[in-house]
Amino acid sequence: MIQVSHLKKTYSNGLQVLRDVNATIGRGEVISIIGPSGTGKSTFLRCLNLLESPSGGSIIVDGQDLLSKKTDVAKMRQKMGMVFQSFNLFNHLSIMDNLCIGPVKLLGKSRKEAEERAMELLSMVGLAEKANAMPSQLSGGQKQRISIARALMKDAPVLILDDSVSAVDTKTERNILQSLRKERKGKTTILIAHRISTIEQMDKILFLEDGSLTAVGTHQQL
Ligand code: ADP
């Protein structure tokens, strides 16, 4: 599904974060990126979604080279969902509106259809009773779960979660990961993880260190 070769990223201040990242991520895999803080995990995920422009290398998604000038970036982004570290909920919209605005305005779904799906996903993350709440009325962990539900509304072939399960307790996290697997069967999910309890459940772990992937394998293998 995703083939990353010799990926490099140097920020404009001269900081070289990704030196030579090579990775193959299969369709349907649930994988985790781990590594010390500041090592470039977020940068790597943002490069995959072209929120950062890589300084070199190639990223092939579904047979298409993301960095080719001919590639329609907006179209490729449609294939990817992203949950940000800072949640990025619209603070002036209710939780239900936060979930429905994308599918209704961008994907042309009916409001009724979007609301039904939103309720399913809110139940999945254990927050159905918050449908009419505003983001300011929720805790950090609850906002995180809402932002996961919102990303799932898009049903994208690739879902990227930037540090998105760390603000919830381990039991809730386990439930969310199980639900993610069920909801995203056959689709690729990539997340940054910190806890052993998270990475134990992954199909594959990528260990990022000193600007490259120094180990790749299952929890047992590593
Ligand atoms: P991680 O997710 O592993 O904690 P990040 O990818 O967030 O690491 O950051 C890697 C390094 O790049 C850090 O030193 C960080 O300060 C730096 N960095 C991140 N974003 C930028 C940016 N936009 N401009 C300059 N440096 C950045």
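Tabulated data
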quantity: Any hit, segment 70-81, residues being among the charged types (D, E, K, R), surrounded by fewer than 18 Cβ atoms within 10 Å (Cβ to Cβ) and modelled with pLDDT of 95 or more; calculated: no
quantity: Residues (in contact with a helix residue (DSSP H, G or I) (Cβ under 8 Å, 6 or more places away or on another chain) and free of Cβ contacts under 8 Å to residues at least 60 places away in the same chain) located in segment 72-99; calculated: Asn88, Phe90, Asn91, Leu93, Ile95, Met96, Asn98, Leu99
quantity: Sole residue being in contact with a His (Cβ under 6 Å, 6 or more places away or on another chain), over 24 Å from Gln178 (Cβ atoms) and either touching a residue at least 40 places away in the same chain (Cβ under 8 Å) or β-branched (Val, Ile, Thr) (or both), chosen from Gly40, Gly57, Gly102; calculated: Gly57
quantity: Thr214 vs. criteria under 26 Å from Gly81 (Cβ atoms), at pLDDT below 95 and among the hydroxyl-bearing types (Ser, Thr, Tyr); calculated: no
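The values are calculated or read from the model by the stated rules, or taken from the named source; none is laboratory data. Being a predicted model, the structure only gives us computed values, none of them experimental. Reconstructed Cβ throughout: ideal geometry from the backbone, glycine too, with neighbour counts over all protein chains shown.
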